Amino acid sequence: MSGALLDGLESARDGLIGVWNGTVGPRVPQRRLASGPGDIWYASETIRGDLLVYDLIAGVTVAADTAKAEVNLPGGPRLGLGCPDLGFFAQQMPLVRSYADLRLDRAAEIDTQIDDIMSYFGGFVFLNDTRRRQTAELLHAVVDLCIMVEMRIKHAFAVPRPIDFDGRIHPMIDTPTHGAFPSGHATEAFAVASVLNALVTGQTIQQGVAAHGELFRLAHRIATNRTVAGVHFPADSAAGALLGCGLADFVLAQAGGPSTGANLVLTAEADDAPGYFGSADDFTLPWLANALQGLAAEKDAKASAPIARPVLSAVWQRASAEFDIYQAAPGAGV
Amino acid sequence: MTFAWDTKTAPSPGFGLAYHDWWRESGAWQRLGLSDAGAPPVPKVHPLEGGGSRWSGFDEPKKAPVPPHVRNTSNTLLSAPVVPKEVLARLTPETVILGVIDGAMALNNARFRTQGGTSRILWAWTMGATWIPGQTSVPYGREVWAGEIERTQTEHTYGGWLDEAACDQALGLVDMHMWDGPRSLALSASHGTHVLDLAGGAPPDAPMDVMIMAVSLPEQITRDTSGTFLQAFALDGIHAILDRADALWQACGFEGETPGFPVALNFSYGISAGPKDGTLELESEIDRLIQARQADALAPVRMVMPAGNNNLDQTQAQITLKQGESEDLTWRLPPQDFSTSYLEVWMPRFLDSDALATKVPQLELTLPDGTVLGAPSLNVGQSVDLLPVGGGAPAGRLYCDRQNHATSKSGRVRLLLALSPTASRSPGAATVSPGAWGLRLQVDTDMHVILDLSIQRDDTIGVGPDRGVPSFFEDDAYRVHDARGDLLDTDGELVAPASNLRRRGTMNAIATGVTTCRVGAYEVQSERSAPYSASGFGEMHLSPLLPQVVERPNVAAAGDTSRAKPGVMAAGTRSGSVVFQSGTSMACAQTARLVADLLKPWHKTRDPLSNLGVPGAVEHVAISAESRGVYATPAPIVEKAGAGRLPYKPLQGYRQRSGDPG
């Protein structure tokens with residue numbers, strides 16, 4: 001607020017109110033601001049976002065050391081992520097070098113995706129703060145959830161970046177200070193793709209990835225672009241994609257959307273495990289589809305009890321309604 | 001650092017091997033991560049009658065530099081083409097085959113598929129792909145037939161959407177796991193895809209009367225900035241296409257005279273230095289092959305190549321030496337050139353008995369620091385090293401050899417000067433100083449002698465560690481612009497020109513064979529010859545010893561929309577994407593489409609001597625368009641556009657914007 005407005009409001013009050021002893025007038029509130037625990041629409045966008053992020057993160061804990069991370073999602077799947085040793089990442093470097101050949105072709109994408117992946121999703125699905133306001137807010141909150149979880153895991157694993165393995169990779173953008181594994185861009189892009197795909201198509205994540213849906217193709221490209229840029233190993237993207245899909249599956253389950261409640265575990269150990277990723281492997285959608293299908297079968301016996309997430313449910317309902325143009329009105333012809 | 005000629009000479013490896021010799025000497029193998037000594041054994045190949053092998057890339061010591069994982073390591077005899085029966089049903093006695101040899105081509109693009117999912121690509125050979133054990137019919141790389149392409153596409157189709165990137169990887173067209181694997185198709189556009197679309201792409205509902213056979217050169221070809229192995233790989237590609245076309249005809253069991261499918265070949269590549277009179281190894285071999293098939297009463301083969309894009313690059317010079325006099329030229333080497341620079345000096349053609357057979361031009365060098373190195377005494381068949389004063393590896397080598405042409409019983413003496421890069425990343429590697437290198441040339445004879453000089457191409461296409469920076473001739477008297485400030489793209493006066501630098505003679509040095517149709521480029525809107533489109537020497541220059549050779553473009557085709565809007569429109573890598581690419585490569589590809597069209601009625605006569613699709617027939621199409629008044633402007637100069645312009649036909653299936661010929 002400007003100083004002039006501040007002064008103006010004060011002088012106006014002095015000029016208009018007169019003497020007032022503080023007793024209330026004829027209009028006294030008859031109800032609370034919110035009609036229920038899920039009603040946040042009295043508050044500004046920023047505050048709504050804070051409330052939604054709290055609802056998403058409530059009860060979520062991460063237990064991690066340098067070798068293994070476990071994300072406990074109350075009422076949702078348990079996510080496990082194994083971190084390979086540093087020798088594994090050294091063996092991923094030839095792939096990072098190969099992808100560097102695509103840099104000039106992808107420069108515009110890589111540069112703008114440093115801090116904006118949402119515009120690219122907006123290229124496939126109309127996303128703005130008028131027609132898809134709640135969808136946009138939900139997706140931003142999902143990204144915030146991802147960042148908190150992925151940063152905690154990155155911190156525990158503390159995997160050096162490609163530039164730390166060999167400076168000749170000469171990344172085309174600044175290498176972020178945090179660890180490489182798992183990739184935050186992959187986590188966020190696949191989480192956004194999963195939630196958005198559920199809103200648009202009603203598909204589960206497994207269905208969407210298996211169908212190579214365009215939103216998942218986009219998420220894959222965003223993740224791969226970070227390898228092209230020279231700041232991520234393909235394994236970072238694979239782990240991030242699984243983590244993002246896992247977090248999104250939790251969000252969908254809690255919100256009442258399409259979910260399978262899978263128990264996702266990425267491992268670098270057993271090569272017959274569904275989430276196995278070898279040191280010479282490249283990150284592809286068929287790999288992810290395969291991993292997700294295999295993992296979906298393993299229901300988690302240890303899942304903890306759900307906790308109420310009324311804001312998430314309410315936002316999900318409104319976001320879903322923003323896609324009702326895809327549903328035929330009752331009685332209307334096909 | 002300064003240099004001096006070695007006091008002793010060494011035998012020259014002989015014409016056709018000098019580039020390979022310097023490639024080894026200069027450590028280009030190592031820079032590209034290829035090992036010469038450590039290469040696995042090459043497959044045994046069928047020897048030809050009279051010695052040698054079909055697979056020129058495997059003639060020692062010109063062994064093609066393919067990485068170990070690309071080589072056929074079966075250690076068995078290379079087998080004849082293995083034709084899968086499933087492809088035969090799509091061929092008829094009327095089929096025309098279009099063979100395209102180029103860089104990476106997006107075989108999975110919808111431009112090369114029909115509505116029903118049938119591939120227009122009959123067969124493809126990716127020379128730089130990892131060899132598949134069991135493929136005994138290729139000496140290196142990987143071949144795929146239509147059936148495998150279609151099955152791969154079916155496997156990677158998700159709800160009607162074809163994952164072309166996954167198909168490219170599955171078919172070996174893209175390989176991210178090998179650092180030196182092919183990956184140009186992971187980019188949004190590629191030269192090969194653009195050329196293939198212009199030559200043979202079609203909308204999904206177009207008929208399948210022309211079937212494509214595609215050979216992708218290994219990316220090492222484009223990584224070597226001077227095209228050292230271009231001829232060897234191209235020849236392997238041509239042989240592979242013709243062998244398979246013949247095997248297909250046989251497997252189909254079609255009746256009739258003159259067996260075989262007619263084949264139109266497109267090779268949109270080039271180099272800038274060479275004899276440029278049809279006598280280079282690749283040119284002679286193509287001529288021999290095409291003429292031999294005619295003599296053997298086999299179906300006709302036609303070859304189309306670009307005239308070249310070097311018209312304004314100052315890579316060509318011609319000097320007339322009067323008795324006892326010398327001429328000076330300046331050769332400028334740019335800084336930060338990480339690859340070898342090559343200069344060729346050609347004596348006039350002589351008969352074997354001629355006095356010129358042993359005459360060697362004397363080449364005195366003035367280094368950028370002013371040091372003058374007197375001409376080394378060199379005989380034909382000798383080479384001499386340029387050594388750093390103070391010791392170290394040779395920084396250059398001057399070869400003197402003689403190119404003998406059997407058919408005309410004549411030859412030419414050539415000097416080839418190879419100079420090390422002007423920059424290197426390896427400590428201790430030989431480099432030379434960038435700047436002006438003075439050349440003083442003299443020939444000890446009592447005649448007037450005309451010397452042709454050309455600088456070899458030195459540029460990088462696509463990805464690669466050896467970034468080439470082209471060198472060029474410099475001369476204050478050479479006019480770059482005309483009086484109005486526009487680019488001057490012709491030399492003008494033939495007699496007593498002011499400068500020794502030439503646009504004449506900038507033709508693609510592998511495209512001057514007599515059976516090859518050479519194609520220049522013109523701008524569709526202005527109807528002018530594209531400034532970069534190379535100029536031929538013109539009939540005046542050529543030796544009477546080679547009466548058949550006409551060294552100029554046969555025709556010009558569309559290379560650009562206008563000066564302000566370069567390129568013509570054709571496919572990008574992925575289905576539905578379009579890009580504009582400019583050059584005589586694109587003009588060439590459109591002409592190959594025309595040649596394939598001209599060959600369509602050939603089956604009616606099956607005449608081995610038919611003129612359908614020969615360079616003269618292509619010229620006739622241009623002459624007819626020029627005389628019908630198709631154009632608002634007179635035909636461009638013959639040196640650049642030959643018989644005239646071919647009418648521009650936009651590709652079917654692309655929507656043209658108003659006033660947009662590209």
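Among the residues of the stretch B:108-117, at least one is in contact with a Cys (Cβ under 9 Å, 6 or more places away or on another chain) and more than 14 Å from chain A (Cβ to nearest Cβ).
Helices (runs of 4 or more DSSP H) wholly in the stretch A:83-184 with at least 1 residues that are at pLDDT 95 or above and of a type in the set (G, A, S) - which ones? Fully inside the stretch A:83-184 and qualifying: A:86-99, A:103-112, A:118-121, A:133-157.
Among residues of the stretch B:166-185 being in contact (Cβ under 8 Å) with a residue 40 or more places away in the chain and of a type in the set (G, A, S), the one that is farthest from the other protein chains (Cβ to nearest Cβ) is B:G172.
Of the strands (runs of 3 or more DSSP E) entirely within the stretch B:298-384, those holding at least 3 residues that are surrounded by fewer than 24 Cβ atoms within 10 Å (Cβ to Cβ) and modelled with pLDDT of 95 or more occupy B:326-333, B:362-366. For the stretch B:641-652, the set of residues classified as in contact (Cβ under 8 Å) with a residue 60 or more places away in the chain and closer than 18 Å to B:G567 by Cα consists of B:A641, B:R645, B:L646, B:Y648, B:P650, B:L651, B:Q652, listed by residue number. Kindly establish whether B:P218 is in contact with a strand residue (DSSP E or B) (Cβ under 9 Å, 6 or more places away or on another chain), buried (at least 24 other Cβ atoms within 10 Å of the Cβ) and within 14 Å of chain A (Cβ to nearest Cβ). Judged against the criteria, B:P218 is not a match.
For the stretch B:186-195, filtering for residues that are touching a Gly at 6+ places or on another chain (Cβ under 9 Å) and facing chain A (nearest Cβ under 10 Å) leaves 3. Within the stretch A:86-96, the residues that satisfy the criterion of being more than 26 Å from the chain's Cα centre (by Cα) and more than 14 Å from chain B (Cβ to nearest Cβ) are A:L86, A:G87, A:F88, A:A90. When B:A234, B:A214, B:A199 are screened for being within 24 Å of the chain's Cα centre (by Cα), at pLDDT below 95, farther than 25 Å from A:V96 by Cα and among the aliphatic types (A, V, I, L, M), only B:A234 passes. In summary, A:T130 fulfils each of the numbered conditions (1) surrounded by fewer than 20 Cβ atoms within 10 Å (Cβ to Cβ); (2) of a type in the set (S, T, N, Q); (3) within 14 Å of chain B (Cβ to nearest Cβ) with the single exception of condition (3).
Given the criterion in contact (Cβ under 8 Å) with a residue 60 or more places away in the chain and closer than 12 Å to B:R412 by Cα, identify the matching residue among B:L321, B:L329, B:L312, B:L351.
Testing whether each residue is in contact (Cβ under 8 Å) with a residue 60 or more places away in the chain and closer than 12 Å to B:R412 by Cα leaves just B:L351.
From the list B:L612, B:L599, the lone residue that is touching a residue at least 60 places away in the same chain (Cβ under 8 Å) and assigned to a helix (DSSP H, G or I) is B:L599.
Table: residues versus (1) among the aromatic types (F, W, Y); (2) more than 14 Å from every other protein chain (Cβ to nearest Cβ); (3) within 30 Å of A:Q254 (Cβ to Cβ).
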site: A:Y54; (1), (2), (3): yes, yes, yes
site: A:T61; (1), (2), (3): no, yes, yes
site: A:D65; (1), (2), (3): no, yes, yes
site: A:K68; (1), (2), (3): no, yes, yes
site: A:C83; (1), (2), (3): no, yes, yes
site: A:S98; (1), (2), (3): no, no, no
site: A:L104; (1), (2), (3): no, no, no
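Tell me yes or no: at least one residue of the stretch B:39-58 is in a helix (DSSP H, G or I) and either aromatic (F, W, Y) or modelled with pLDDT of 65 or more (or both). Yes: one or more hits. If you check A:A280, A:A308 for being modelled with pLDDT of 65 or more, exposed (fewer than 15 other Cβ atoms within 10 Å of the Cβ), within 14 Å of chain B (Cβ to nearest Cβ) and in a loop (DSSP other than H, G, I, E, B), only one passes: A:A280.
Surrounded by 20 or more Cβ atoms within 10 Å (Cβ to Cβ) and polar (S, T, N, Q), is that true of A:Q91?
Taking the combined requirement at face value, the residue does not satisfy it.
Can you find a residue in the stretch B:493-507 that is buried (at least 21 other Cβ atoms within 10 Å of the Cβ), over 23 Å from the mean Cα position of the chain (by Cα), more than 20 Å from B:P361 (Cβ to Cβ) and more than 14 Å from chain A (Cβ to nearest Cβ)? Checked the stretch B:493-507: no residue is buried (at least 21 other Cβ atoms within 10 Å of the Cβ), over 23 Å from the mean Cα position of the chain (by Cα), more than 20 Å from B:P361 (Cβ to Cβ) and more than 14 Å from chain A (Cβ to nearest Cβ).
Listed by first and then second residue, the pairs linking a residue in the stretch B:1-25 that is closer than 24 Å to B:P275 by Cα to a residue that is aromatic (F, W, Y) and modelled with pLDDT of 85 or more, with Cβ atoms under 6 Å apart and 6 or more places separating them unless they lie on different chains, are B:S12/B:Y399; B:A18/B:Y399.
Would you tally the residues in the stretch B:123-165 being on the phi > 0 side of the Ramachandran plot, away from every other protein chain (no Cβ under 14 Å) and surrounded by fewer than 17 Cβ atoms within 10 Å (Cβ to Cβ)? Looking only at that region, the number is 1.
This table checks each residue for (1) surrounded by fewer than 18 Cβ atoms within 10 Å (Cβ to Cβ); (2) assigned to a strand (DSSP E or B).
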| site | (1), (2) |
| --- | --- |
| B:A393 | yes, no |
| B:C400 | no, yes |
| B:Q403 | no, yes |
| B:R412 | no, yes |
| B:L416 | no, yes |
| B:T422 | no, no |
| B:G428 | yes, no |
| B:M447 | yes, no |
| B:R457 | no, no |
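Summed over the stretch A:43-82, residues that are assigned to a loop (DSSP other than H, G, I, E, B) and of a type in the set (S, T, N, Q) total 2. All conditions but one from (1) buried (at least 17 other Cβ atoms within 10 Å of the Cβ); (2) at negative phi; (3) in a loop (DSSP other than H, G, I, E, B) apply to B:E527; the one that does not is (2). From the list A:L5, A:L33, A:L51, pick out the single residue that is modelled with pLDDT of 95 or more, closer than 24 Å to A:A305 by Cα and hydrophobic (A, V, I, L, M, F, W, C). Result: A:L51 is the single residue among A:L5, A:L33, A:L51 that is modelled with pLDDT of 95 or more, closer than 24 Å to A:A305 by Cα and hydrophobic (A, V, I, L, M, F, W, C).
The values are calculated or read from the model by the stated rules, or taken from the named source; none is laboratory data. All values derive from a computational prediction rather than experimental measurement. Cβ atoms come from the backbone with ideal geometry, glycine included; neighbour counts cover every protein chain shown.
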